[in-house]
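Please read the structure below before turning to the comments.
Computed from the coordinates by the stated procedures, all read-outs in this text should not be read as laboratory data. Everything numeric in this text was worked out from a predicted model, so none of it was measured. Note that each Cβ is placed from the backbone with ideal geometry, even for glycine, and that neighbours are counted across all protein chains shown.
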Amino acid sequence: MKRILSLAIISLLIVACGIDNTMYNAQNYFKAAQARALNVNGRPTPQAVDEYTKCIRKCGIILSQGKPSRRADNALFLMGRALYYKGNSAFQAKDAFEGVIRGYPDSKHIPEANIYLAKVLREINQVAASEALLERFVRDPKYYKYHPRALLVLADYEIKDKDYHRAQYWLQKIIADYRKTPEFKEAFFLFGKNYYMQGDFERSLAEFQTFQKTRGIAKEMKLEASYYIALCQYELGDYDSALKISRSLIRNEIRPDKLSQAKVLNSRILLGKGNIKAGLEGLEDVTKSYPRTEQAAAAYYYWGEYLYFQEGDIDKATPHLNRVRSEYNKSLFAETGATIASALTQMKAPAQLDSRSNLQGFLDYYYLKAEYFINPLAMPDSALAAYQIVIDEYDALIAEQDSLNLMLQEIATLIDSLSALPEVLLQDMRTEEEQEEIEEIEAIEEIEDEGKAEADSLRQEPDIDEYEDDAELAEETEAAEESEAVETEEIKSDDPLELRRQAIAQKEQITQRLAPFETTLMRFQDEILPFCYFSIYSLYHEKDKDGEEAESILAIMQEGFPRNIYTRAALSIKNGKVPQLIDPDLEAAEEAFDLALGYYPEAPDSLVQSMESFTESPYPELKLRAFYRLGWYYSFEAPDTTRAQEYLQEVLNTSDSGVYGITVRRFYDGAKYLLRDSGLPDSTAVEAELAAADSTLSLDTEALGDTLIQSMDDAVDAEADTLLQFNNIDESEPPDSLLHTVETNSETEAEAPDSISLPEAEVESPPPDIIKPKEHEEPSPE
């Protein structure tokens, strides 16, 4: 018995030793992987990944023993860490850490498991759950010892999310409350980095310089602090100091990811100092020495940025910026580089850019260029210059128009002076051929004017010389037309006739060139100039709300375009309101239209007169509404089919008639009334009654309802595809059945079985101003 018991104890000891040895090996694999430097992309090297994998297998052996043991939580926690640092097993790591928390509530690894779980949740895009877990953790006094570690993770995430004020809060809490913890130094480092990320380079520089002087800082952290010191000095323009530190970093840094980062910074500093050749060579060396890495992508970005922003070479800059994403698609500059490259491609000026021949193309180019200068290039001054070019184009057009008008006056004077020469003198100065040509032309004109029969004989026996002369004239005319299309030539000739001919041709040419100027200049005044000044004002206002530059632009707008929509929008911005591009004249016209609708039913004649005036409105919407209101009036309120058809047809002829056109088609198809082909009086038939009654014709409601119902039945028989039903009509407002909206909801259709609907027709919702009115409102097409 004792022998059996001894054997059992020995077996257990052997198994225990085996488990301890497995755990020992797993821990050694993990430590070896942790000791290896990350690659240039900040990821574990293949050797480190292999060691993490061996660690995970050893932990799996321990966990596969079946019965839980005191070493199981150690193995599960170590497995979770190995999976996390391996870099491609986030979900398995999440399961491991959750297993520790739930399966071993008394484990010493619970606090760290919570922190690691928060990191993993962040990696799998469960950001809210990650922050909630950490904030809950730092409020639990049971884990007070681990609070600084959790706060540090929180602060780092806030910096990545660009919530710098919240990050500063967590960092200050660590610095103030946990000065004797290892996390204090890391918090101190992040405190300086947080200032740098906010663009406060002076305070960031001061924090990092103080950090470097702190005792007990590891060499690696001091090197990273040196990098940020050089970076802040570069941003502040202290290139000499920055270059000295960057060279020191290149000599002392051995970590591949940090060394390549230092080389990129060194090249940027050289470019800043004006050592262009060395700077560009340094960036090129990074792209070749560290291909397909984050720093190679950064080198391509800064290379392309220099080529455009410093040298203005779009053709060379664009390929480098496009290379950023393909070099490393997770680069911080990948999206920015692609956006700038796209902007530069669009900003290349077309071959022919002339406001005279293609005004819209000219405007599109400079407007788009200004937008790209604002975003993503962040060059507002260049955007201002682009808008100013458009404004200057107006002045150039005015000067050109004045010059052409002056030339036109001079030519007209010349033509008048030549026309005043005596006919005898002109005849003496003509050649024999010219005189014969003129006599022939005069003879033909005389024959045509008097209608003599000799004209036919002259046409039947044409002179060969005449054909030759006509050919010469045709060639001269064609040559003149070609010359007119090119440019205005100087008039030179000793022959008064030739001089006069040249002057007349040049006058026609100048007149043609002047033709589009009036429309173009009017568009500049009404639209282009106000828009450009508004855009300039917006940029100045964003820079300095009450600055002199913004105020001077606003003064120009108020003086030159007081009632323009862009001037009103600029005033709204100045007053802190949201700008609305509403034409004040349109707004006033809409108010007058609404006022006119109130004339009915008390003053129908005033309603008709007002609506007639709106049929000539320059605003298509009001014009359409006026035709619709008059068509409705003469269809139902003062029935007159002849007059109604005129207005209803105008509604149907409008390409974008919307719900107005749909409603009209319910009772008028463009040729006849669908609901009633007879029964309503015509203007020619009731003219005598109207004169005698001297009042507006009114309908008997019951009679009209019966007529419409009967006509509806006839229409259903004649057109099987049309389903129209409606009830009696109240004379005080349009028939409800005609105003009823085409509904798709089955419950609405059940409640209104008599509503008029078009089969399978989808009707857009009516604008707010055409909802079914009261008596004094416009009749709604719905």
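Summary table below
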| item | result |
| --- | --- |
| Relative contact order computed over the stretch 65-188 (Cα-Cα under 8 Å; 6+ residues apart), in percent | 15 |
| All lysines inside 16 Å of Lys623 as judged from Cα atoms, apart from same-chain residues fewer than 8 positions distant | none |
| Counted charge near Phe517, where neighbours are those whose Cβ lies closer than 9 Å (Asp, Glu -1; Lys, Arg +1) | 0 |
| Distance between the stretch 257-334 and the stretch 345-405 - C-alpha centres, whole angstrom | 32 |
| Amide proton proximity set for Tyr668, modelled H, under 5 Å, gap of 5+ | Leu674 |
| Prolate/oblate/rounded call for the stretch 69-145, Cα gyration tensor, a/c under 1.5 rounded | oblate |
| Cα→Cβ-extended label distance, 7 Å offset, between Asn252 and Asp402, nm | 6.9 |
| For peptides 91-99, 570-578, 520-528, sequence by mean Cβ density within 10 Å, most packed first | 91-99, 520-528, 570-578 |
| Prolate/oblate/rounded call for the stretch 557-678, Cα gyration tensor, a/c under 1.5 rounded | prolate |
| Lysines whose Cα lies under 29 Å from that of Lys577, excluding same-chain neighbours fewer than 8 positions away | Lys162, Lys369, Lys543, Lys545 |
| Among the listed pairs Lys277/Lys316; Lys222/Lys288; Lys119/Lys173; Lys160/Lys574; Lys180/Lys213, those beyond 25 Å (Cα-Cα) | Lys222/Lys288; Lys160/Lys574 |
| Highest average packing first - 147-154, 497-504, Cβ atoms within 10 Å | 147-154, 497-504 |
| Gyration tensor verdict on the stretch 157-229 (Cα atoms; rounded if a/c is under 1.5, prolate if a/b is larger than b/c, oblate otherwise) | oblate |
| Peptide ranges 626-635, 369-378 listed from the most packed, as the mean C-beta count within 10 angstrom indicates | 626-635, 369-378 |
| Estimated FRET transfer efficiency (Thr654, Asn358; beta-carbon r; R0 25 Å; 0.05) | 0.25 |
| Farthest toward positive dipole pole in the stretch 548-638 [+1 Lys/Arg, -1 Asp/Glu at C-beta], among Ser610, Ala569, Ile556 | Ala569 |
| Magnitude of the charge dipole, the stretch 488-595, Cβ model with Lys/Arg +1 and Asp/Glu -1, debye to 20 | 160 |
| Candidate lysines - alpha carbon under 29 Å from Lys507, same-chain residues fewer than 8 apart omitted | Lys492 |
| Cα centroid of the stretch 531-588 to Cα centroid of the stretch 92-151, whole Å | 54 |
| Gain on full stretching of the segment that runs from Leu368 to Ala35 - 0.36 nm per residue minus C-alpha separation | 114.6 nm |
| The stretch 116-162, relative contact order [Cα under 8 Å, separation at least 6], % | 26 |
| ³J(HN,Hα) computed for each position of the stretch 32-44 - Karplus, 6.51 cos²θ - 1.76 cosθ + 1.60, integer Hz, glycine/proline x | 5, 5, 5, 6, 6, 6, 6, 6, 5, 9, x, 10, x |
